[in-house]
Amino acid sequence: MAKLSELVEKIDNEAKSGNRKKALLMLDKLLEKVPENKSLLARKAKYGKEYEFEKRITALQEKYGSA
């Protein structure tokens, strides 16, 4: 199994590339194996908030057209 730091790096790279939904799914799977990890929980909250903003922006662009 890969090191925790390597897995976290992969998750961060997914989020940076704009695929926050996949990053959140990966975090959920990792949290099953390492529950109550404060660093992972903080990342999940951060990426969850970013994903919600991304969904809102997309919905507004669809409704009003993109700029």
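The values are calculated or read from the model by the stated rules, or taken from the named source; none is laboratory data. Quantities reported herein were computed from a predicted structural model and do not represent experimental measurements. Please note: Cβ atoms are built from the backbone with ideal geometry, for glycine as well, and neighbour counts cover all protein chains shown. Ligands, DNA and RNA are stripped out before the accessible areas are found, and what is left, the full protein with its side chains, is counted by its heavy atoms. Shrake-Rupley method; radii C 1.70, N 1.55, O 1.52, S 1.80 Å.
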Q. Does region 59-67 include one or more residues that are more than 13 Å from L4 (Cβ to Cβ), among the aliphatic types (A, V, I, L, M) and modelled with pLDDT of 95 or more?
A. no
Q | Selection status of G18, open to solvent by less than 60 Å² (accessible area, probe 1.4 Å) and not in a helix (DSSP H, G or I) | A | yes
Q.
As an exercise: evaluate L40 against (1) touching a helix residue (DSSP H, G or I) at 6+ places or on another chain (Cβ under 9 Å); (2) loosely packed, with under 11 Cβ neighbours inside 10 Å and give the number of the one condition it does not meet.
A. (2)
Q: Kindly list, by first and then second residue, each pair from a residue in region 1-25 that is farther than 23 Å from K55 by Cα and touching a residue at least 24 places away in the same chain (Cβ under 8 Å) to a residue that is open to solvent by less than 80 Å² (accessible area, probe 1.4 Å) and part of a helix (DSSP H, G or I), limited to pairs with Cβ atoms under 7 Å and residues at least 6 apart or on different chains.
A: none
